[in-house]
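To keep things clear, I will list the structure first and then write my remarks on it.
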Amino acid sequence: MCEAPCDWYIWASKLRDEDVVKITRCKLEHTADCTLTFNNRFATYKFLGDKMTKKVAADHSMSKKLLKQIVKEDYREEIGDMKAWRIKKTAIEKVCGSIRDQYESLYHYAAELRRSNPNSTVVVEQREQVFNRMYVCFEASMKGFRAGCRQVICIDGCFLKHDYGGQLLSAVGIDANEQYFPIAFAYVEVENKDNWLWFLELLGTDLHINDNHGWTFISDKQNGLMPALDEVFPSSEKRHCTRHLVTNLSAACGSSARVKE
């Protein structure tokens, strides 16, 4: 579209019950010194999110850079990072529902997991009728770990990037091919000793860790994790994750050369 003070304009509206647009008024001559702009105030994030639904649904991991490029090519609109994020969020919500909708479906999800994966452990807890935390360990993961993995478990936690936040806790083993073997995961409000105790106690029960002597737990020593490990698995070995150690050293020292020294 043109920047002001160009006099070019078109007024149009869609006819009721027809796929026809009727032009009611227009002025098709441009002002001599008008310039082209890629910013249209009518191209809101809601409008573009609706138009981008199919493309975003086909690729939930679409980067902001790619989304901005598609919007510019298809709709001749230049957008910033924040608008790109809102467009993607709007498009995903049209397909999957909002984060609030998904929380409301958690109990149905848990019931379906129990139905389709008998003998799996699926625990959903609430506090004052509000979701608190959830733990999942599939029977296939229990049996597979006990049958083919060494007694080494990697424990980690990470932030969840959505409106309500929270933390994802995970336990991963290593199989005979030196590949990661997912064991269990949990979603909690915050990473602290109480939630780690809850997670580790359920994990120990699922994996039949009665005598924890000879077991090794590898972690980044997150908040509350080490006291919880000492309480639940007092005789086990605790080791620091090398990758996290290098990352932390690099952040502290500021250069890879100093880390090597």
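The values are calculated or read from the model by the stated rules, or taken from the named source; none is laboratory data. All of these numbers come straight from a predicted model, not from anything done at the bench. Virtual Cβ from ideal backbone geometry, glycine too; neighbours counted across all protein chains shown.
Criterion first (assigned by TED's automatic domain parsing to the domain that holds L48, surrounded by 13 or more Cβ atoms within 10 Å (Cβ to Cβ) and without any contact (Cβ under 8 Å) to a residue 60 or more places away in the chain) does E93 satisfy it? Yes: the conditions hold for E93.
Across the range 210-232, the number of residues qualifying as at positive phi and touching a residue at least 24 places away in the same chain (Cβ under 8 Å) comes to 2. Suppose we keep only residues that are exposed (fewer than 10 other Cβ atoms within 10 Å of the Cβ) and at pLDDT 70 or above within the range 244-260. Which one would you say is nearest to the chain's Cα centre (by Cα)? The residue in question is A251.
Table: residues versus (1) at pLDDT 95 or above; (2) more than 20 Å from L207 (Cα to Cα); (3) not acidic (D, E).
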site	(1), (2), (3)
Y135	yes, no, yes
F145	yes, no, yes
G148	no, no, yes
D156	no, no, no
D163	no, yes, no
G166	no, yes, yes
V172	yes, no, yes
A176	no, no, yes
Q179	no, no, yes
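Among residues of the range 192-209 that are crowded, with 21+ Cβ neighbours inside 10 Å, those with a Cβ under 6 angstrom from a residue that is small (G, A, S), sequence gap 6+ or separate chain, pair up as W196/G224; W196/A228; F199/A186; L200/A228; L203/A171; L203/A184. The set of residues in the range 210-243 being surrounded by fewer than 13 Cβ atoms within 10 Å (Cβ to Cβ) and of a type in the set (S, T, Y) consists of S235, T242. Only a single item in (1) of a type in the set (S, T, Y); (2) over 23 Å from D230 (Cβ atoms); (3) surrounded by 14 or more Cβ atoms within 10 Å (Cβ to Cβ) is not met by Y180, and it is number (3). One residue is enough: does the range 30-47 have a residue meeting the conditions in contact with a helix residue (DSSP H, G or I) (Cβ under 6 Å, 6 or more places away or on another chain), of a type in the set (A, V, I, L, M, F, W, C), surrounded by 13 or more Cβ atoms within 10 Å (Cβ to Cβ) and assigned to a helix (DSSP H, G or I)? Taking every residue of the range 30-47 in turn, none turns out to be in contact with a helix residue (DSSP H, G or I) (Cβ under 6 Å, 6 or more places away or on another chain), of a type in the set (A, V, I, L, M, F, W, C), surrounded by 13 or more Cβ atoms within 10 Å (Cβ to Cβ) and assigned to a helix (DSSP H, G or I). For the range 91-112, check the following and say yes or no: at least one residue is at pLDDT 90 or above and among the polar types (S, T, N, Q). For the range 91-112, residues at pLDDT 90 or above and among the polar types (S, T, N, Q): absent.
Please find, within the range 140-172, the residue that is surrounded by the fewest Cβ atoms within 10 Å (Cβ to Cβ) out of those that are of a type in the set (D, E, K, R) and either within 14 Å of W215 (Cβ to Cβ) or touching a helix residue (DSSP H, G or I) at 6+ places or on another chain (Cβ under 9 Å) (or both). Within the range 140-172, the match that is surrounded by the fewest Cβ atoms within 10 Å (Cβ to Cβ) is D163.
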